[in-house]
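Notes follow the structure.
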Amino acid sequence: LPKLAAPMPGVFIQGLLTCDADGTVLESIELSPEVAKAVIRFADTRRLTLVAFCGDRILCNERNDQTDRVIAYGEPAPEAMGPMIEGVVDAGIPINKLLIFVPEGDMAAVRAQAEDALEQDCSITTAVTGMLEFLPLGASKGAAVAKLLKRLGVDPATVLALGDGENDIEMLELAGVGVAMEGSSPKVVEAAGGRVGLSNNEHGVADAIERYVLAPRGLAPSVRPADDMTKLDEKEAMHGTMKEEESVVVKAAAVEEAEAEAEEVVHVEEVQVVET
């Protein structure tokens, strides 16, 4: 990893904002004002708290314990703007995505209502329990990463991607090797080809880089506790991952220029990890 140049390009806000290494915005995908207003009205009629992701700002009607939940994920503190249609949409502030906070017990019903009313106009997904997200139609992490890889001249088959949420599925399906973090839903595990890694608390990212980037190239991994490997083997066995299949996938993901390609793969992995 010391060979990697920093800073690097990044994909943010569910793939709606892509920046170059120097911070230059390469692409910003935004909700149309009409769709944004429809989502805001949907939240208001159900008295659900909503925040808007607008570039490097998060805007809301008024701050409360719900809006401030985003701070724990490294997001900026929300800014109170008053009524969202008048204070944000009609004010001409571009909105990348809208996020509604929904009580966990109500999520299934609210999501069904949202899909009935809005799925023709926007993409609806979740990344965190109790948070329902509304993105421009067709947008996803996977779509944004695919564009960035094309710009960088990197074949997706040489990419390692890690994820744990529904919003990671397209990215995991795109990558040559996808790994679902511990605790991922069955759909996420399926998108990762059945490969299940350790949790973040168990150095899951480092473990995946060691197994799928370093090991196939004969590069020595760092020394880690033996029980970490035992836990990983148990998780893979539980999800029916066969080591022979894993070997085939890893070989398919391996590339001709070992060290150079390793840098590219890890470079793109950094792109995946920065996304909330």
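The values are calculated or read from the model by the stated rules, or taken from the named source; none is laboratory data. All of these numbers come straight from a predicted model, not from anything done at the bench. Please note: Cβ atoms are built from the backbone with ideal geometry, for glycine as well, and neighbour counts cover all protein chains shown. The protein model used for the area step is the full one, side chains on, heavy atoms only, and it has no ligands, DNA or RNA in it. Shrake-Rupley method; radii C 1.70, N 1.55, O 1.52, S 1.80 Å.
Surface composition of the stretch 37-161: carbon and sulfur atoms hold 48% of the protein heavy-atom accessible area at a 1.4 Å probe.
Phi angles across the stretch 42-52 convert, under the Karplus curve 6.51 cos²θ - 1.76 cosθ + 1.60 with θ = phi - 60°, into 3J(HN,Hα) values of 4, 5, 4, 5, 9, 6, 9, 6, 9, 10, 10 Hz, Gly and Pro given as x. Look at the Cα gyration tensor of the stretch 102-152: its axes a ≥ b ≥ c give a/c of at least 1.5 with a/b at or below b/c, and that counts as oblate.
Given a Förster distance of 30 Å, report the FRET efficiency between N64 and A112 from their Cβ-Cβ distance, rounded to the nearest 0.05.
0.70
Taking amide H as placed 1.01 Å from N in the peptide plane, the amide H of S123 sits under 5 Å from that of L135, L137, G138, A139, each at least 5 places away or on another chain. Label separation (Q120 vs Y73): 2.9 nm, computed from points 7 Å beyond Cα along the C-beta direction.
Can you list the equivalent-ellipsoid semi-axes of the stretch 56-168, largest first and in whole Å, using the square root of 5 times each Cα gyration tensor eigenvalue? Present the calculation step by step, with values, prior to reporting the outcome.
Working: eigenvalues 144, 66, 50 Å².
Calculated on Cα positions only, the semi-axes equal 27, 18, 16 Å.
In sequence order, the stretch 82-91 has phi-based couplings of x, x, 5, 5, 6, x, 10, 5, 5, 7 Hz under the Karplus curve 6.51 cos²θ - 1.76 cosθ + 1.60, θ = phi - 60°, and Gly or Pro positions carry x.
Surface exposure of the stretch 41-182, expressed per residue as accessible area with a 1.4 Å probe, stands at 45 Å².
Beyond 16 Å, what share of the Cα-Cα pairs of the stretch 101-225 is found? Please give it as a whole percent. Each step should come with its number before you reach the end.
Numbers: 5230 of 7750 pairs.
Tail of P(r) above 16 Å: 67 percent of Cα pairs.
For the stretch 1-117, the pair-distance distribution built from all alpha carbon pairs, in bins 5 Å wide starting at 0, is 2, 10, 19, 20, 19, 14, 7, 4, 3, 1, 0 percent. Shape of the stretch 164-217 from the C-alpha gyration tensor: oblate (a/c of 1.5 or more and a/b not above b/c, with a ≥ b ≥ c the square roots of its eigenvalues). Placing unit charges on the Cβ atoms only, positive for Lys and Arg and negative for Asp and Glu, gives the stretch 1-93 a dipole magnitude near 320 debye about its Cα centre. With a/c under 1.5 counting as rounded, go ahead and sort the stretch 23-87 into rounded, prolate or oblate using the C-alpha gyration tensor (a ≥ b ≥ c being the square roots of the eigenvalues; past the cut-off, prolate if a/b is larger than b/c, else oblate). Cα axes put the stretch 23-87 in the oblate bin.
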